[in-house]
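The values are calculated or read from the model by the stated rules, or taken from the named source; none is laboratory data. Because the structure is a prediction, the values reported are computed rather than measured. Note that we place each Cβ from the backbone using ideal geometry, even for glycine, and neighbour counts take in every protein chain shown.
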Amino acid sequence: MRMNFKEHVISTIKNKNSAVCVGLDVEPGKIPAVLKNEKNPVLKFNQEIIAATKEYTAAYKPNLAFYEQTGIKGLECFEKTLEFMGGDVIKIADAKRGDIGNTSKKYAHAFFEHFSCDAVTVSPYMGEDSITPFLEKEDKGVFILALTSNKGSFDFQMQKMADGRYLYEFVIEKINSWNAKKNCGLVVGATHPELFEGIRKLAPDLPYLIPGIGAQGGDLENTVKYGFVKNDVLSLVNSSRAIIFASDGPDFAERAGEEARKLRDQINKCLK
């Protein structure tokens with residue numbers, strides 16, 4: 001019997017003893033010089049990073065923009081990167097899709113059928129019919145933007161409605177109602193740690209994808225304290241630049257592994 005996505009998250013975090021998600025947001029200009037003569041420097045970089053961090057990592061999250069920017073070659077790199085990850089981690093396409101139903105159905109097919117991702121990030125702005133096509137398979141997860149880590153989150157998400165609730169709280173309530181197959185999750189930025197306790201009360205059973213740790217300055221201790229469910233850990237803490245660009249020298253992979261291990265250990269220490 002297949003696990004639903006929530007069960008998959010819990011199982012993977014437990015098996016890996018890690019809630020770390022490594023963001024593969026690879027900028028070609030930051031590729032270490034030692035890889036410049038490779039046939040595909042970005043793919044080789046990703047493979048080296050994955051090999052060095054996989055022991056400490058539950059999930060990987062390549063951001064589509066960093067691959068789409070170079071067209072077909074970039075999408076082929078994205079596909080080969082996913083294949084290299086293997087089957088014991090959660091593969092998250094950070095695509096932030098969300099369009100009318102028929103279009104979303106094509107996006108869902110692309111990421112879940114063609115690329116065999118385990119999850120995708122989506123925007124809820126266009127409403128339920130733009131999300132539903134992503135939710136058809138209970139073993140495929142959808143991390144829906146709720147409260148993001150960027151400064152622009154205050155433009156809409158943090159605006160108060162007439163009934164006194166923030167807009168992001170209303171969005172979370174809607175997401176709860178879409179979670180019949182236990183495959184909804186939330187994107188909640190670590191730059192809002194003071195709000196985590198209230199958010200977890202609103203969505204006690206949803207997995208979180210938490211960006212903002214590392215280069216964006218998120219508060220790890222309070223993120224774990226208020227954002228995690230300790231009996232069944234449901235949150236994935238993403239770090240991108242702080243891990244993958246820890247060094248630009250020949251030791252880049254080794255240093256990435258050290259940073260992933262360090263983050264894993266910090267999270268586990270907070271959980272205890």
Among the residues of the stretch 171-189, is there at least one that is more than 18 Å from the chain's Cα centre (by Cα), modelled with pLDDT of 95 or more, surrounded by 17 or more Cβ atoms within 10 Å (Cβ to Cβ) and β-branched (Val, Ile, Thr)? yes
Pairing a residue in the stretch 162-175 that is under 13 Å from GLY127 (Cβ atoms) and touching a residue at least 40 places away in the same chain (Cβ under 8 Å) with any residue that is charged (D, E, K, R) and in a helix (DSSP H, G or I), where Cβ atoms lie under 9 Å and the two sit 6 or more apart in sequence or on different chains, gives LYS174/GLU128
Exactly one of these conditions fails for PRO204: (1) in a loop (DSSP other than H, G, I, E, B); (2) at pLDDT below 95; (3) surrounded by fewer than 19 Cβ atoms within 10 Å (Cβ to Cβ); (4) in contact with a helix residue (DSSP H, G or I) (Cβ under 9 Å, 6 or more places away or on another chain). Give me its number. (4)
Residue pairs within 7 Å by beta carbon, gap of at least six or interchain, first lying in the stretch 91-109 and closer than 14 Å to GLY127 by Cα and of a type in the set (S, T, N, Q), second modelled with pLDDT of 95 or more and assigned to a strand (DSSP E or B), listed first then second, are SER104/ARG97
In this structure, is ASP163 over 20 Å from the mean Cα position of the chain (by Cα) and part of a loop (DSSP other than H, G, I, E, B)? yes
Tell me whether the stretch 59-73 contains one or more residues that are over 15 Å from the mean Cα position of the chain (by Cα) and of a type in the set (A, V, I, L, M). yes
Would you call ILE100 surrounded by fewer than 22 Cβ atoms within 10 Å (Cβ to Cβ), aliphatic (A, V, I, L, M) and over 18 Å from GLU27 (Cα atoms)? yes
Filter the stretch 1-19 down to residues that are in a helix (DSSP H, G or I) and not β-branched (Val, Ile, Thr) and give me whichever is surrounded by the fewest Cβ atoms within 10 Å (Cβ to Cβ). ASN15
Go through (1) surrounded by fewer than 22 Cβ atoms within 10 Å (Cβ to Cβ); (2) out of contact with any helix residue (DSSP H, G or I) (no Cβ under 6 Å at 6 or more places or on another chain); (3) assigned to a helix (DSSP H, G or I) and name the single condition GLN47 misses. (2)
Determine the pairs where a residue that is touching a residue at least 24 places away in the same chain (Cβ under 8 Å), located within the stretch 118-142, has a partner that is surrounded by fewer than 16 Cβ atoms within 10 Å (Cβ to Cβ) and small (Gly, Ala, Ser) with Cβ atoms under 7 Å apart, the partner being 6 or more residues away or on another chain. ASP129/GLY101; SER130/GLY101; THR132/GLY101; PRO133/GLY101
Looking at the stretch 130-156, which of its residues are over 19 Å from the mean Cα position of the chain (by Cα), modelled with pLDDT under 95 and either in a loop (DSSP other than H, G, I, E, B) or farther than 25 Å from ALA65 by Cβ (or both)? ASP155, PHE156
From the options VAL42, VAL22, VAL34, residue that is hydrophobic (A, V, I, L, M, F, W, C), in contact with a strand residue (DSSP E or B) (Cβ under 7 Å, 6 or more places away or on another chain) and either modelled with pLDDT of 95 or more or exposed (fewer than 14 other Cβ atoms within 10 Å of the Cβ) (or both): VAL22
From the options TYR67, TYR107, residue that is within 27 Å of PHE156 (Cβ to Cβ), buried (at least 17 other Cβ atoms within 10 Å of the Cβ) and of a type in the set (Ser, Thr, Tyr): TYR107
